[in-house]
């Protein structure tokens, strides 16, 4: 039998930091970062969840597995300093419950819904890495594109790409200058290329993991998304012009024989 001390304790009305929640805030805080959070079986236990921190205007939530990062800023009411790691499974449960209040202390997260349902979970007992220093400044090489058109083209090309790494994540090549192109790195008859109408600045050519980029783009339902990249070897920033509080990063992939190109 599990010892009673191993169960998370219930918080009283005087305990912890309170985050006022709405269904929209719950989705924004947990859904987007969860897509990038590390696998529950990962040895990097500090990444196996969503990091939530207080800002001047509300909450910043981050999820990363080292290959990508998803970050959201949500305007909401927070009482007290907040910096905690909500485990992946707990975040998934909170997302499904849509609570109206989340209370966090140093050990547990405690949420309550409108109908009185209460869910309590332990937090990940660790410090989350400081991700601010790995977020690159906006790059001058930028492409704005219709999200639905980009997803459709990306999916068609991705279906033709080979699973060429240990995680089964095929690589694709993104390029623009001026047209936005999505292609497989193959030079044989199995290759595929799609061109998508976009508003571009500068030029770039680099490889990324297909599924990682697709997850980043699907993190929003906005009509228009933007890709930008600075120097060679830096992450691709996926942003939403109409929503500056949403950011996804996708690290580049190295493909033998492919020369990465980024305009100065």
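All of the numbers you see were taken from the coordinates with simple rules; none came from a lab. All values reported here derive from a predicted model rather than from experimental measurement. Cβ coordinates were reconstructed from backbone atoms using ideal geometry, including for glycine residues, and neighbour counts include every protein chain displayed.
Between helix 23-34 and the chain, what is the angle of the helix's C-alpha long axis to the longest principal axis, kept within 0 to 90° and rounded to the nearest 10? Rounded to the nearest ten degrees, it is 60. Ordering 197, 98 from the fewest to the most neighbouring beta carbons within 10 Å gives 197, 98. Our summary of shape: the Cα atoms of segment 12-133 have principal axis extents of 38, 30, 24 Å, ordered from largest down, in whole angstrom.
Have a look at 241, 185, 129 and tell me which one the Gaussian network model of the chain (Cα, springs below 10 Å) gives the largest fluctuation. Maximum among the listed residues: 129. D by Stokes-Einstein for segment 136-262, Kirkwood Rh over Cα pairs, 37 °C, 0.692 mPa s: 228 µm²/s. A helix-only calculation puts the chain at -4500 deg cm²/dmol for mean residue ellipticity at 222 nm, using -39500 (n - 2.57) for each DSSP H run of at least four residues, averaged over all residues. Look at the alpha carbon pairs under 8 Å that are at least 6 residues apart: their mean separation over the length of segment 136-262 gives a relative contact order of 30 percent.
Counted residue by residue at 0.36 nm each, then reduced by the alpha carbon distance between them, the extension gain from residue 254 to residue 83 reaches 58.1 nm.
Most tightly packed first, judged by the mean number of other beta-carbon atoms within 10 Å of their residues, the peptides 114-127, 133-146 read 133-146, 114-127.
Judged by the ratio a/c of the largest to the smallest principal axis of the C-alpha gyration tensor, the chain counts as prolate, that ratio being 1.5 or greater while a/b is larger than b/c. Taking the number of Cβ atoms within 10 Å of each Cβ as an exposure proxy, the fewest-first ranking of 199, 41 is 41, 199. Listed by Cβ neighbour count within 10 Å, with the fewest neighbours leading, 261, 73 appear as 261, 73. On C-alpha positions alone, give me the angle between the axis of helix 147-158 and the longest principal axis of the chain, in degrees, nearest 10. Its long axis makes an angle of about 70 degrees.
Expressed as an acute angle from 0 to 90° and rounded to the nearest 10, what is the orientation of the C-alpha long axis of helix 88-97 relative to the principal long axis of the chain? Approximately 80 degrees, to the nearest 10. When the chain is treated as a Gaussian network with alpha carbon springs shorter than 10 Å, the biggest mean-square fluctuation among 243, 228, 130 belongs to 130.
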